[in-house]
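One structure below.
Please treat every number below as a calculation from the coordinates, not as lab data. Given the structure is predicted, the values throughout are model-derived calculations rather than measurements. Quick reminder, even Gly has a Cβ in these numbers, built from the backbone with ideal geometry, and neighbours come from all protein chains shown.
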Amino acid sequence: MSSFEFTLNGELKAVELEKKGDRLVLSCDGQEFSLEPSGDNLFKIYTDGQTHYAAAAKHKGSIFVDIDSALFELKEPSEDGFAGGAAGAHGGEKDRIFAPMPGKIVKIMVAVGDEVEEKQAMVIVEAMKMENQVMSQAKGKVKAVNFAPGDQVDTDSPIIELEIE
C-alpha cells in the first residue's frame with residue numbers, strides 16, 4: 001500500500017492506494033474507489049455501483065484529473081505542507097501572487113492595505129472550467145492589486161503584490 005498527500009482545491013487530502021489484481025483501490029476521506037486503467041492516463045472508476053471515466057495529465061507540478069467532465073487539480077505539498085499560491089517558476093517570490101495557470105479572475109478577496117496571513121485565500125482564478133483558490137505564501141500587507149474580476153491573467157504577471165512582514 002502507498003500513501004500520498006495532495007491538495008485538492010486548496011484542501012490537504014490523504015490518499016492511500018493499493019493494487020488488487022488488475023485494479024487499484026484508492027481510499028480518501030473514508031471513501032473507497034476502484035480504479036481500472038483503460039489506456040494511457042485513462043481510467044474507469046467504480047464506486048457505489050456506478051462507473052465514471054477519468055483522464056489525468058501532469059503539467060507544471062500539478063496533476064489535472066478530468067472525471068466525467070469535471071476538472072480537478074492535484075498538487076503535491078511542498079516540504080512545509082503548502083501547495084497553493086504561486087505558479088511554477090514563481091514559487092520563491094512570496095511577495096507576489098500569480099495565477100497557477102492562465103485564466104479569468106472570478107473574485108479578489110483582499111484590498112490594498114489589508115493585512116494577510118500566510119495561506120490566506122487571496123483570489124479565485126477560473127481556468128479549464130475549474131476555480132482555483134490562490135493563497136498567500138507569506139504574512140504581510142497588500143501593496144497592490146493589479147487586476148479586477150473578469151480580467152484575463154497569465155502566469156507571468158502578479159495579480160497581487162505584498163509588503164512582507
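Of note:
- Inverting the pair-averaged 1/r between distinct Cα atoms of the stretch 2-75 gives 12.9 Å as its Kirkwood hydrodynamic radius.
- Applied to the stretch 134-149, the Karplus parametrisation 6.51 cos²θ - 1.76 cosθ + 1.60 on θ = phi - 60° returns per-residue 3J(HN,Hα) values of 9, 9, 6, 9, 7, 7, x, 10, 5, 8, 8, 10, 8, 9, 10, x Hz, with x for Gly and Pro.
- Quotient of C-alpha Rg and 2.2 N^0.38 Å, computed over the stretch 88-164: 0.97
- For I108, net neighbour charge (Lys/Arg +1, Asp/Glu -1) across residues whose Cβ lies under 15 Å away: -1
- The residues packed around D66, meaning those with a beta-carbon under 12 Å from its beta-carbon, carry a net charge of -1 if Lys and Arg are +1 and Asp and Glu are -1.
- Summarising the amide proton neighbourhood of E118: residues at separation of 5 or more, or on other chains, whose placed amide H is nearer than 5 Å comprise K139.
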